[in-house]
1. Using a Förster distance of 25 Å, how high is the FRET efficiency between residue B:34 and residue B:220, based on the Cβ-Cβ distance and rounded to 0.05?
2. Between residue B:25 and residue A:77, what FRET efficiency follows from the Cβ-Cβ distance if R0 is 30 Å, with the result rounded to 0.05?
3. Normalised by the empirical 2.2 N^0.38 Å for globular proteins, what value does the Cα Rg of the range B:61-157 take?
4. For q = 0.10, 0.17, 0.22, 0.23 Å⁻¹, what log10 I(q)/I(0) does chain A give under the Debye formula with an equal point scatterer on each alpha carbon and no solvent?
5. Return one number: the angle in degrees, 0 to 90 and rounded to the nearest 10, between the long axis of the Cα atoms of helix B:177-199 and the longest principal axis of the Cα atoms of chain B.
6. According to the Cα gyration tensor, what semi-axes, each the square root of 5 times an eigenvalue, does the equivalent ellipsoid of the range B:116-163 have, listed from largest to smallest in whole Å?
7. How large is the helix-only mean residue ellipticity at 222 nm for chain B, computed as the sum of -39500 (n - 2.57) over DSSP H runs with n ≥ 4, divided by its residue count, in deg cm²/dmol to the nearest 500?
8. Hey, got the Cα dimensions of the range B:1-130 along the principal axes, in Å, largest first?
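Laboratory data are not the source of any read-out in this text; all were calculated from the coordinates shown. This structure is a prediction, so every number in the text was calculated from the model and none was measured. We place every Cβ from the backbone using ideal geometry, glycine too, and count neighbours over all the protein chains shown.
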């Protein structure tokens, strides 16, 4: 557990370092995630090594969101004034994103060359 | 009471206990609207308001939890790694769909918000609304948007996606499990992924993948949209 936590923190720190060193616009934790994915891919880090802390954090993800959500209490006045536009913007953009993502994926899948499909490929499309 | 709130332990304990209770309740009710995050946020805000405690005081304990959103984001590399074979087999559909979906999510939110006269502060905070909270907070920070406001939009978007996602996708004939999962993860991040898992194993895993990829795509898109918003 301690070792896996150390690895996660180290990769986050590495991500922050990249951001500070070269003015990289991507947040430290996101860069850290990509670097860890690469490290897992090339076998530098074994999945079992990061698993204990990663599992705990990902299972607790909902809890970690709560204090940030509570921060909304400071913005009651903004929400009251912009309530309708916010609700409409969130609803419309979520539906649009669902449809565009779904259709794009399906369109690309259906256009895949037949020789690369395996015998069960059609059940996916 | 005042001396109790002065100790970060109070805010931390209340948050954890409320979350555990909310989780138990949402497992009982089993409707996407009874979302444990939404329930916890509402109950904690009610408790703070009733006790006359402000957000800054609460954050002394709250930040002990939000700190871990950074390492949790790094930890997303593990589920991503586990989906690598599926990902490599479907590189083109995945990349195209997640990029298109992330762009549309941010652009539509900004467009509709502006059209309906939302304030500049609100419009900026709408940009990262479809990505998972830790990434959204980082994006909000980097484009100069209000972090708490952005996080609130993220949570609201997640709940909307979890409630209407699968029905909406069936309505527009998105039948491929891979496409369904990608759509849920791209449009409504972790909260949508929780719902996608109930739809099936392919939907759940590809939604988790889209959650990570959509976060990266939006990180790259957000500064451009922020520039356009001005």
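1. Numbers: r = 35 Å, r/R0 = 1.39.
The calculated FRET efficiency here is 0.10.
2. Numbers: r = 30 Å, r/R0 = 0.99.
So the FRET efficiency works out to roughly 0.50.
3. Working: Rg = 15.4 Å, N = 97, 2.2 N^0.38 = 12.5 Å.
Computed over Cα atoms of the range B:61-157, the ratio equals 1.23.
4. -0.65, -1.07, -1.10, -1.13
5. On a 0 to 90 degree scale, this one is about 10.
6. Numbers: eigenvalues 55, 39, 9 Å².
After scaling each eigenvalue by five and taking roots: 17, 14, 7 Å.
7. Rounded to the nearest 500, the figure is -27500 deg cm²/dmol.
8. Principal extents (Cα only, largest first): 57, 42, 30 Å.
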